[in-house]
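To start, the structure itself, in structure tokens.
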Amino acid sequence: MRSLKDIYGRTFKTLRVSLLSKCNFGCTYCTLGNETIKVANANEGTGVMTFQELVQLINRLRRVLDLKTIRLTGGEPLLYGQLVDLIQELYRMGIPEIKLTTNGFLLARMAGSLKKAGLQSVNVSLDALDEDVFLLMSRRSNLHQVLAGIESAIDEGLEVKINAVIMRGINHHQLIPLLNYAFEKKIVIRFLELMGMGHLHGRSDRYLFTQQEMLEEISRQYSYCSIPRKPAATASYWQTSAGQVFGIIANESEPFCSDCNRLRLDNNGNIYGCLSSNEPVSLKQADDDRALERQLIKALDQKQQLKFSGSTLSMLHIGG
């Protein structure tokens, strides 16, 4: 099959798989707090793929696209009942990089089995180190359980990164404590500008804490220099004079659409070429490679030329 590229030379090499649309947190930037938040079976809901259907579809995409990275997301992927089995299947496929993004709440008890299955890297969402602010951001208590998950993942030898969404007036004062925590644990933290997704579509500006403002805050504590951005990377990185590294995913201030290589797959068998699109491209009827290619081209056409434009699609459904 010919290489799939758009007019800007972009293709798909990273697949983000949203395993389920349920979460045990209710983060303020993701939900309004009134969505169903519960532990769910992997196949709950109309049209959700079975485990075997999911594995077969991922394998077809791997072969057609020569995928380099698969990242498992949700909702909350640690609620997916066959997560360890899925990682084992991805490992057997020969996927070079198998990664996962989680809120970390269940990570302490699962880190070992995930590592043994073939997981290499985990991003943990952590938006505050103050208990009250953590509750305000996540609508969940037990911050210590997330921190224990980070510790367990480090102890198991997983590559660990922290993702922190920074919201003006809510948790922006947690930026330096989070940075210090990551430096203490010798892991990388990435600060995220707020994205206008779901219920925040069209009204995220009031909470936006920009990359420049983040750097100004950090400069009061640390001196740093920039690191050249890697192709298709979402984050820009900086290194302090002591050698510590931090990143910022500046979707608004410094868009990264120009060389984006990410494709998203939801648990209903739909793909999205860009978070700016609310229109799912179904793969359920793509029975052969030619039909699959046609649908992938549709998804590729969804990519924005310059900048993410926002979407009413919820992060709870597509995993960011």
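Toward the positive end of the charge dipole of the chain, with +1 on the Cβ of Lys and Arg and -1 on the Cβ of Asp and Glu, the farthest Cα among Leu67, Leu208, Pro177 is that of Leu67.
For segment 186-194, putting each phi into the Karplus relation 6.51 cos²θ - 1.76 cosθ + 1.60 with θ = phi - 60° gives couplings of 6, 10, 8, 10, 10, 8, 10, 5, 5 Hz, in residue order, rounded to whole numbers and with x for Gly and Pro. The shape of segment 95-137 comes out prolate: with a ≥ b ≥ c from the C-alpha gyration tensor, a/c is at least 1.5 and a/b beats b/c.
Accessible surface for the chain, divided over its residues, is 43 Å² per residue with a 1.4 Å probe. Expressed as a whole number of Å, what is the distance separating the alpha-carbon centroids of segment 96-128 and segment 60-94? Segment 60-94 and segment 96-128 have Cα centres spaced 13 Å from each other. Placing a pseudo-label 7 Å from each Cα along the Cα-to-Cβ vector at Lys116 and Val64 gives an inter-label distance of 3.6 nm.
Phi-derived couplings, Karplus 6.51 cos²θ - 1.76 cosθ + 1.60 at θ = phi - 60°, listed residue by residue for segment 117-123: 6, x, 5, 10, 9, 9, 9 Hz, with x used for Gly and Pro. Rounded, prolate or oblate for segment 218-285? Axes are the square roots of the Cα gyration tensor eigenvalues, ordered a ≥ b ≥ c, and the cut-off for rounded is a/c under 1.5. Because a/c hits 1.5 or more and a/b exceeds b/c, segment 218-285 counts as prolate.
In this structure, the pairs whose alpha-carbon distance is over 24 Å, taken from Lys115/Lys230; Lys68/Lys230; Lys13/Lys186; Lys13/Lys185; Lys115/Lys303; Lys116/Lys185, are Lys115/Lys230; Lys13/Lys186; Lys13/Lys185; Lys115/Lys303. In a reduced charge model with +1 at each Lys and Arg Cβ and -1 at each Asp and Glu Cβ, the chain shows a dipole moment near 720 debye about its Cα centre. Computed packing ranks the peptides 170-180, 222-232 as 170-180, 222-232, most packed first, by mean other Cβ atoms within 10 Å. Taking 0.36 nm per residue of sequence separation and removing the Cα-Cα distance, the Tyr8/Asn180 pair yields an extension gain of 58.0 nm. Solvent-accessible area of the chain (1.4 angstrom probe, protein heavy atoms only): carbon and sulfur portion equals 47 percent. Averaged over residues, the count of other Cβ atoms within 10 Å places the peptides 263-276, 284-297 in the sequence 263-276, 284-297, highest first. Here the sum of -39500 (n - 2.57) over DSSP H runs of 4 or more residues, divided by the residues of the chain, equals -8500 deg cm²/dmol at 222 nm, to the nearest 500.
Note on segment 224-320: dipole from Cβ charges, positive end direction compared against Cys257, Asn278, Ser226; the farthest Cα belongs to Ser226. Scaled to the globular estimate 2.2 N^0.38 Å, the Cα spread of the chain, given as radius of gyration, is 0.95. The mean sequence separation of alpha-carbon pairs under 8 Å and at least six residues apart, normalised by the residue count of the chain, gives a relative contact order of 21 percent. Couplings 3J(HN,Hα) of segment 205-220, computed from phi: 4, 5, 9, 5, 10, 7, 4, 4, 5, 4, 5, 5, 4, 5, 5, 6 Hz, in residue order, whole Hz [Karplus 6.51 cos²θ - 1.76 cosθ + 1.60, θ = phi - 60°; x for Gly and Pro].
The values are calculated or read from the model by the stated rules, or taken from the named source; none is laboratory data. Small disclaimer: the values here were computed from a predicted structure and weren't measured. Here the Cβ is made from the backbone with ideal geometry for all residues, glycine too, and neighbour counts use every protein chain on show. Ligands, DNA and RNA are stripped out before the accessible areas are found, and what is left, the full protein with its side chains, is counted by its heavy atoms. Shrake-Rupley method; radii C 1.70, N 1.55, O 1.52, S 1.80 Å.
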